[in-house]
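> First, the structure itself, so that you have it in front of you.
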Amino acid sequence: MTIALVPTMGALHEGHLDLVRRAQELADDVVVSIFVNPTQFGANEDFDKYPRTLEADRAMLEPFGATVFAPSVDEVYPEGFDLFASIRSWASTQPTTTFEGATRPEHFEGVLTVVCRLFEMVQPDVVVFGQKDAQQVFLIGKLIEQAFPQIRLEVVPTNREPDGLARSSRNRYLSAEERTHALVLSRALINMSLRLMSATSTGEAIAEARASVEAEPEVRLDYLDIVDPHDFTPVNEQFRGPATAVVAAWVGSTRLIDTINLVIN
Ligand code: PAF
């Protein structure tokens, strides 16, 4: 029997269900973990208000026959737990302090630690993650390569609302008006990728995309850039080939991220 693990923090939406569908194609059994991981939230972040909807999540998963694994904090982090130190030293060799890591210090140490624990507890053959968290997926890919080579990593494209907004558990924090403003993020990325198909310089295309986000009321840009998918560092003007565009911004008080894959010609 093979096991596919879909790690989540619950508050499930159609994007998570895409991960479950893909997991079903890849293994005999699917385990969906639901755990709001305290170690990946900073002191001023939304850990307390993060939506916890376990019963609704179970109901959404029931038609899939997936096993729900919803461990307690003590199970994930038992007394004497000491994985943090080794993860921290490994993380310091990886791009964990740029982009998401610059605004959310220690975030990736927390993500990588919980992911290691979930891998240890569930012993999956395959793990399925969403592309939207591009830096997270990049780092987990490196972790798997180096520490869990027996696990296959499967990355599923971002599920979007019909108007382009990337699905996220945090979208439920948005008011109707904020939701409209939030559309600037996916539009900026898509327009930038179209511009780069012609002869536009990369720097100009990025500057235009940033300006379009900054022009939107109620939206405060954190970062918007294009990175080399091999090392998650910003591309330079000479770069050609497949790349990853990333954006993060606050819409009102909600922090959203988005990503798309593009090609620089
Ligand atoms: O992407 C998420 O939901 C979380 O970061 C993860 C991977 C489940 C770890 O808590």
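> Tally the residues that are surrounded by 15 or more Cβ atoms within 10 Å (Cβ to Cβ), at pLDDT 95 or above and not small (Gly, Ala, Ser), restricting the search to segment 65-89.
Going through segment 65-89 one residue at a time, the tally reaches 5.
> Can you tell which of ASP163, ASP125 is exposed (fewer than 14 other Cβ atoms within 10 Å of the Cβ) and either over 25 Å from PRO234 (Cα atoms) or within 13 Å of the ligand (Cβ to nearest atom) (or both)?
Working: ASP125 fails: exposed (fewer than 14 other Cβ atoms within 10 Å of the Cβ).
Result of the check over ASP163, ASP125: ASP163.
> Any residue in segment 108-120 that is of a type in the set (Ser, Thr, Tyr) sitting within a Cβ distance under 6 Å of a residue that is more than 10 Å from the ligand (Cβ to nearest atom)? List the pairs, counting only those 6 or more apart or interchain.
If the second residue must be more than 10 Å from the ligand (Cβ to nearest atom), the pairs left are THR113/LEU83; THR113/PHE84; THR113/ILE87.
> SER86 fails exactly one of the following numbered conditions: (1) part of a helix (DSSP H, G or I); (2) among the polar types (S, T, N, Q); (3) within 21 Å of the chain's Cα centre (by Cα). What is the number of that condition?
Going through (1) part of a helix (DSSP H, G or I); (2) among the polar types (S, T, N, Q); (3) within 21 Å of the chain's Cα centre (by Cα) one by one, SER86 breaks only (3).
> Okay, moving on. So ALA176 ticks every box in (1) within 14 Å of the ligand (Cβ to nearest atom); (2) at pLDDT 95 or above; (3) of a type in the set (A, V, I, L, M); (4) more than 30 Å from ARG240 (Cβ to Cβ) but one. Which box is left unticked?
Of (1) within 14 Å of the ligand (Cβ to nearest atom); (2) at pLDDT 95 or above; (3) of a type in the set (A, V, I, L, M); (4) more than 30 Å from ARG240 (Cβ to Cβ), only one is false for ALA176: (1).
> Could I ask something else about it? Please give the helices (runs of 4 or more DSSP H) falling wholly within segment 1-81 in which 3 or more residues are under 26 Å from TYR173 (Cα atoms).
Numbers: elements: 14-26, 54-61, 73-76.
The helices (runs of 4 or more DSSP H) meeting that bar are 14-26, 54-61.
> Which residues, taken from segment 138-180, are of a type in the set (A, V, I, L, M) and either in contact with a Cys (Cβ under 8 Å, 6 or more places away or on another chain) or touching a residue at least 24 places away in the same chain (Cβ under 8 Å) (or both)? Working first, answer last.
Keep residues of segment 138-180 that are of a type in the set (A, V, I, L, M), which gives 139-140, 143-144, 147, 151, 153, 155-156, 165-166, 174, 176.
LEU139, ILE140, LEU143, ALA147, ILE151, LEU153, VAL155, VAL156, ALA166, LEU174, listed by residue number.
> Name the single residue that is nearest to CYS116 (Cα to Cα) among those in segment 149-174 being among the aliphatic types (A, V, I, L, M) and part of a loop (DSSP other than H, G, I, E, B). Lay out the reasoning, then the answer.
From segment 149-174, those among the aliphatic types (A, V, I, L, M) are 151, 153, 155-156, 165-166, 174; that's our starting set.
After this cut, where a residue has to be part of a loop (DSSP other than H, G, I, E, B) as well, the list is 151, 165, 174.
Numbers: ILE151: 12, LEU165: 30, LEU174: 32 Å.
Only one residue fits best here, namely ILE151.
> If I filter segment 26-47 down to residues being acidic (Asp, Glu) and away from the ligand (no atom under 16 Å from the Cβ), which single residue comes out as nearest to the chain's Cα centre (by Cα)?
As a first pass, look at segment 26-47 and keep what is acidic (Asp, Glu): 28-29, 45-46.
This time we only want the ones that are away from the ligand (no atom under 16 Å from the Cβ), so: 28-29.
Numbers: ASP28: 25, ASP29: 23 Å.
So the residue we want is ASP29.
> In addition: Scan segment 100-113 and tell me whether some residue there is within 11 Å of the ligand (Cβ to nearest atom), among the aliphatic types (A, V, I, L, M), out of contact with any Cys (no Cβ under 8 Å at 6 or more places or on another chain) and modelled with pLDDT of 95 or more.
Among the residues of segment 100-113, at least one is within 11 Å of the ligand (Cβ to nearest atom), among the aliphatic types (A, V, I, L, M), out of contact with any Cys (no Cβ under 8 Å at 6 or more places or on another chain) and modelled with pLDDT of 95 or more, which makes the answer yes.
> Here's something else I'd like to know. Among the residues that make up segment 192-206, is at least one of them of a type in the set (A, V, I, L, M), surrounded by 16 or more Cβ atoms within 10 Å (Cβ to Cβ) and under 23 Å from GLY252 (Cβ atoms)? Before you say what the answer is, go through the steps one by one.
Our first condition is that a residue be of a type in the set (A, V, I, L, M); within segment 192-206, this holds for 192, 194, 196-197, 199, 205-206.
Of the ones still in play, those that are also surrounded by 16 or more Cβ atoms within 10 Å (Cβ to Cβ) are 192, 196, 205-206.
Subset that is under 23 Å from GLY252 (Cβ atoms): none.
No: zero hits.
> Which numbered condition in (1) assigned to a loop (DSSP other than H, G, I, E, B); (2) touching a residue at least 12 places away in the same chain (Cβ under 8 Å); (3) closer than 19 Å to VAL246 by Cβ is the only one that PRO124 fails?
With (1) assigned to a loop (DSSP other than H, G, I, E, B); (2) touching a residue at least 12 places away in the same chain (Cβ under 8 Å); (3) closer than 19 Å to VAL246 by Cβ applied to PRO124, the lone miss is (3).
> Just for segment 48-64: of the residues that are within 13 Å of THR8 (Cα to Cα) and more than 14 Å from the ligand (Cβ to nearest atom), which one is surrounded by the fewest Cβ atoms within 10 Å (Cβ to Cβ)?
So the first thing to find is which residues in segment 48-64 are within 13 Å of THR8 (Cα to Cα), and the list is 50-54, 57-58, 61.
Filter again for more than 14 Å from the ligand (Cβ to nearest atom), leaving 54, 58, 61.
Details: LEU54: 14, ARG58: 16, LEU61: 21.
For segment 48-64, the residue satisfying everything is LEU54.
The values are calculated or read from the model by the stated rules, or taken from the named source; none is laboratory data. For clarity, every value in this text was computed on a predicted model and none was experimentally measured. Cβ sites come from the backbone with ideal geometry, for glycine too, and all protein chains shown count toward neighbours.
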